[in-house]
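The structure appears right after this line, and notes come after that.
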Amino acid sequence: QIVKAAEPAFAAVVGTKLYGKKISKAKWLSLIPVIGGVCLASLKELDFAVSALIAACTANVFAAFKANENAKVMAAPGLKDRLGSVGNQFALTTILAFLMSIPVVVLKGEPWSGFVQLWKTNPVVRFNVLASGLWFYGYNELATMTIKKTNAITQSVANTAKRVIVIIGVALVMGESLPAQKLVGSAICIGGVMLYSIIDDLMKK
(Lines give C-alpha, C1' and ligand atoms only; values in the text may rest on other atoms or scores of the structure.)
Protein backbone atom coordinates (compact mmCIF):
# COMPACT_ATOMS: atom_id res chain seq x y z
CA GLN A 1 0.00 0.00 0.00
CA ILE A 2 2.84 2.40 0.83
CA VAL A 3 4.57 2.03 -2.55
CA LYS A 4 1.28 2.03 -4.43
CA ALA A 5 0.46 5.30 -2.68
CA ALA A 6 3.00 6.92 -4.99
CA GLU A 7 0.76 6.16 -7.99
CA PRO A 8 -0.32 9.81 -8.47
CA ALA A 9 3.33 10.85 -8.70
CA PHE A 10 3.97 8.21 -11.39
CA ALA A 11 0.81 9.31 -13.23
CA ALA A 12 1.89 12.94 -13.04
CA VAL A 13 5.40 12.22 -14.37
CA VAL A 14 4.19 9.96 -17.19
CA GLY A 15 1.35 12.34 -18.08
CA THR A 16 3.55 15.44 -18.26
CA LYS A 17 6.64 13.89 -19.88
CA LEU A 18 5.04 11.52 -22.39
CA TYR A 19 1.49 12.78 -22.95
CA GLY A 20 1.98 16.56 -22.77
CA LYS A 21 -0.35 17.07 -19.82
CA LYS A 22 -0.06 20.32 -17.86
CA ILE A 23 -0.04 20.25 -14.06
CA SER A 24 0.33 23.33 -11.89
CA LYS A 25 3.08 23.56 -9.27
CA ALA A 26 0.37 23.80 -6.60
CA LYS A 27 -1.04 20.42 -7.66
CA TRP A 28 2.44 18.87 -7.60
CA LEU A 29 2.85 20.10 -4.01
CA SER A 30 -0.59 18.83 -3.00
CA LEU A 31 0.51 15.27 -3.86
CA ILE A 32 2.84 15.36 -0.84
CA PRO A 33 0.11 15.05 1.85
CA VAL A 34 -1.74 12.44 -0.24
CA ILE A 35 1.25 10.11 -0.43
CA GLY A 36 2.57 11.03 3.01
CA GLY A 37 -0.79 10.42 4.67
CA VAL A 38 -1.04 6.90 3.26
CA CYS A 39 2.54 6.16 4.31
CA LEU A 40 1.76 7.34 7.85
CA ALA A 41 -1.50 5.37 8.01
CA SER A 42 0.12 2.13 6.86
CA LEU A 43 3.55 2.54 8.47
CA LYS A 44 3.09 -0.29 10.96
CA GLU A 45 1.93 -2.60 8.17
CA LEU A 46 5.35 -2.43 6.52
CA ASP A 47 6.93 -5.76 5.62
CA PHE A 48 9.69 -4.68 3.29
CA ALA A 49 10.88 -6.84 0.40
CA VAL A 50 12.84 -5.70 -2.65
CA SER A 51 10.75 -7.86 -4.97
CA ALA A 52 7.55 -6.28 -3.62
CA LEU A 53 9.06 -2.81 -4.10
CA ILE A 54 9.94 -3.55 -7.74
CA ALA A 55 6.54 -5.13 -8.42
CA ALA A 56 4.64 -2.20 -6.90
CA CYS A 57 6.70 0.38 -8.82
CA THR A 58 6.15 -1.57 -12.05
CA ALA A 59 2.42 -1.68 -11.32
CA ASN A 60 2.43 2.09 -10.79
CA VAL A 61 4.08 2.64 -14.18
CA PHE A 62 1.61 0.36 -15.97
CA ALA A 63 -1.33 2.00 -14.17
CA ALA A 64 -0.13 5.43 -15.32
CA PHE A 65 0.12 4.28 -18.94
CA LYS A 66 -3.25 2.51 -18.78
CA ALA A 67 -5.02 5.61 -17.48
CA ASN A 68 -3.41 7.92 -20.05
CA GLU A 69 -4.04 5.52 -22.95
CA ASN A 70 -7.68 5.16 -21.89
CA ALA A 71 -7.99 8.94 -21.87
CA LYS A 72 -6.44 9.10 -25.37
CA VAL A 73 -8.91 6.56 -26.73
CA MET A 74 -11.82 8.51 -25.29
CA ALA A 75 -10.63 11.63 -27.09
CA ALA A 76 -9.75 9.98 -30.43
CA PRO A 77 -12.15 11.19 -33.18
CA GLY A 78 -14.08 8.33 -34.77
CA LEU A 79 -12.72 5.65 -32.44
CA LYS A 80 -14.72 6.77 -29.40
CA ASP A 81 -17.86 6.81 -31.57
CA ARG A 82 -17.26 3.24 -32.74
CA LEU A 83 -16.68 2.04 -29.16
CA GLY A 84 -19.99 3.57 -28.15
CA SER A 85 -19.48 3.99 -24.41
CA VAL A 86 -16.95 3.89 -21.59
CA GLY A 87 -18.36 0.51 -20.56
CA ASN A 88 -17.63 -0.95 -24.00
CA GLN A 89 -14.14 0.49 -23.94
CA PHE A 90 -13.36 -1.06 -20.57
CA ALA A 91 -14.84 -4.41 -21.63
CA LEU A 92 -12.58 -4.44 -24.70
CA THR A 93 -9.55 -3.51 -22.56
CA THR A 94 -10.35 -6.34 -20.13
CA ILE A 95 -10.70 -8.92 -22.92
CA LEU A 96 -7.36 -7.87 -24.42
CA ALA A 97 -5.71 -8.03 -20.99
CA PHE A 98 -7.05 -11.56 -20.48
CA LEU A 99 -5.75 -12.73 -23.86
CA MET A 100 -2.33 -11.21 -23.17
CA SER A 101 -2.20 -12.98 -19.79
CA ILE A 102 -2.64 -16.47 -21.26
CA PRO A 103 0.96 -16.76 -22.61
CA VAL A 104 2.29 -15.64 -19.21
CA VAL A 105 0.33 -18.39 -17.46
CA VAL A 106 1.60 -20.96 -19.99
CA LEU A 107 5.21 -19.80 -19.64
CA LYS A 108 5.05 -19.97 -15.85
CA GLY A 109 3.74 -23.53 -16.08
CA GLU A 110 0.77 -22.95 -13.79
CA PRO A 111 -1.25 -26.18 -13.28
CA TRP A 112 -4.60 -25.35 -14.90
CA SER A 113 -5.96 -28.82 -14.16
CA GLY A 114 -5.46 -28.21 -10.41
CA PHE A 115 -7.57 -25.07 -10.55
CA VAL A 116 -10.32 -26.83 -12.53
CA GLN A 117 -10.45 -29.62 -9.93
CA LEU A 118 -10.64 -27.09 -7.10
CA TRP A 119 -13.41 -25.19 -8.94
CA LYS A 120 -15.47 -28.38 -9.29
CA THR A 121 -15.10 -29.53 -5.69
CA ASN A 122 -15.02 -26.32 -3.61
CA PRO A 123 -18.10 -24.02 -3.69
CA VAL A 124 -16.26 -21.35 -1.67
CA VAL A 125 -13.67 -21.03 -4.42
CA ARG A 126 -16.39 -20.71 -7.07
CA PHE A 127 -18.23 -18.00 -5.14
CA ASN A 128 -15.08 -16.03 -4.29
CA VAL A 129 -13.74 -16.12 -7.86
CA LEU A 130 -17.05 -14.93 -9.33
CA ALA A 131 -17.72 -12.33 -6.62
CA SER A 132 -14.21 -10.86 -6.65
CA GLY A 133 -14.24 -10.79 -10.45
CA LEU A 134 -17.55 -8.89 -10.58
CA TRP A 135 -16.50 -6.41 -7.89
CA PHE A 136 -13.12 -5.82 -9.51
CA TYR A 137 -14.68 -5.35 -12.94
CA GLY A 138 -17.21 -2.89 -11.58
CA TYR A 139 -14.54 -0.96 -9.69
CA ASN A 140 -12.31 -0.64 -12.75
CA GLU A 141 -15.18 0.36 -15.03
CA LEU A 142 -16.04 3.14 -12.59
CA ALA A 143 -12.36 4.14 -12.60
CA THR A 144 -12.49 4.38 -16.41
CA MET A 145 -15.61 6.55 -16.16
CA THR A 146 -13.75 8.76 -13.65
CA ILE A 147 -10.95 9.29 -16.17
CA LYS A 148 -13.52 10.41 -18.75
CA LYS A 149 -15.03 12.93 -16.33
CA THR A 150 -11.69 14.19 -14.98
CA ASN A 151 -8.22 13.01 -16.05
CA ALA A 152 -5.70 10.22 -15.41
CA ILE A 153 -3.91 12.02 -12.57
CA THR A 154 -7.10 12.90 -10.69
CA GLN A 155 -8.16 9.26 -10.96
CA SER A 156 -4.82 8.18 -9.48
CA VAL A 157 -5.24 10.60 -6.58
CA ALA A 158 -8.72 9.21 -5.87
CA ASN A 159 -7.28 5.70 -6.11
CA THR A 160 -4.72 6.62 -3.48
CA ALA A 161 -7.42 7.88 -1.13
CA LYS A 162 -9.09 4.50 -1.64
CA ARG A 163 -6.08 2.84 -0.01
CA VAL A 164 -6.77 4.64 3.24
CA ILE A 165 -10.37 3.43 3.12
CA VAL A 166 -9.11 -0.12 2.48
CA ILE A 167 -6.74 0.04 5.48
CA ILE A 168 -9.49 1.30 7.82
CA GLY A 169 -12.15 -1.01 6.36
CA VAL A 170 -10.00 -4.11 6.75
CA ALA A 171 -9.11 -3.06 10.31
CA LEU A 172 -12.82 -2.78 11.17
CA VAL A 173 -13.76 -6.09 9.53
CA MET A 174 -10.81 -7.94 11.09
CA GLY A 175 -11.42 -6.36 14.49
CA GLU A 176 -8.03 -4.64 14.58
CA SER A 177 -7.41 -1.50 16.61
CA LEU A 178 -7.21 1.90 14.91
CA PRO A 179 -4.40 3.81 16.62
CA ALA A 180 -4.12 7.59 16.43
CA GLN A 181 -1.29 7.32 13.87
CA LYS A 182 -3.53 5.48 11.42
CA LEU A 183 -6.41 7.91 11.88
CA VAL A 184 -4.17 10.96 11.52
CA GLY A 185 -2.57 9.53 8.37
CA SER A 186 -6.00 8.84 6.91
CA ALA A 187 -7.16 12.38 7.63
CA ILE A 188 -4.02 13.87 6.03
CA CYS A 189 -4.46 11.77 2.89
CA ILE A 190 -8.14 12.59 2.45
CA GLY A 191 -7.40 16.26 3.09
CA GLY A 192 -4.66 16.10 0.43
CA VAL A 193 -7.10 14.63 -2.10
CA MET A 194 -9.57 17.45 -1.44
CA LEU A 195 -6.76 20.01 -1.71
CA TYR A 196 -5.64 18.52 -5.04
CA SER A 197 -9.18 18.88 -6.38
CA ILE A 198 -9.62 22.55 -5.46
CA ILE A 199 -6.09 23.99 -5.31
CA ASP A 200 -6.11 25.54 -8.78
CA ASP A 201 -9.42 27.30 -8.11
CA LEU A 202 -8.12 28.58 -4.78
CA MET A 203 -4.96 29.93 -6.40
CA LYS A 204 -7.02 31.92 -8.93
CA LYS A 205 -8.82 33.84 -6.18
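The values are calculated or read from the model by the stated rules, or taken from the named source; none is laboratory data. No experiment lies behind these values; they were computed from the predicted model shown. Every residue, glycine among them, receives a Cβ derived from its backbone with ideal geometry; neighbour counts consider all protein chains shown. The area values use the complete protein model at the heavy-atom level, side chains included, leaving out ligands, DNA and RNA. Shrake-Rupley method; radii C 1.70, N 1.55, O 1.52, S 1.80 Å.
One residue stands out in the stretch 169-185 among those that are closer than 14 Å to C39 by Cα and open to solvent by less than 50 Å² (accessible area, probe 1.4 Å): the one that is modelled with the highest pLDDT, namely G185. G87 passes every criterion in (1) modelled with pLDDT of 75 or more; (2) loosely packed, with under 15 Cβ neighbours inside 10 Å; (3) not charged (D, E, K, R) apart from (1). The sole residue among A63, A5, A49, A9 that is modelled with pLDDT of 75 or more, aliphatic (A, V, I, L, M) and either more than 16 Å from I190 (Cα to Cα) or surrounded by 13 or more Cβ atoms within 10 Å (Cβ to Cβ) (or both) is A63.
For the stretch 18-28, a residue qualifies if it is part of a helix (DSSP H, G or I), open to solvent by 70 Å² or more (accessible area, probe 1.4 Å) and either touching a helix residue (DSSP H, G or I) at 6+ places or on another chain (Cβ under 8 Å) or under 19 Å from A75 (Cα atoms) (or both), and the qualifying residues are L18, W28. May I ask you to verify whether M100 is out of contact with any strand residue (DSSP E or B) (no Cβ under 9 Å at 6 or more places or on another chain), among the hydrophobic types (A, V, I, L, M, F, W, C), closer than 29 Å to F65 by Cβ and touching a residue at least 12 places away in the same chain (Cβ under 8 Å)? Spelling it out, it is not the case that M100 is out of contact with any strand residue (DSSP E or B) (no Cβ under 9 Å at 6 or more places or on another chain), among the hydrophobic types (A, V, I, L, M, F, W, C), closer than 29 Å to F65 by Cβ and touching a residue at least 12 places away in the same chain (Cβ under 8 Å).
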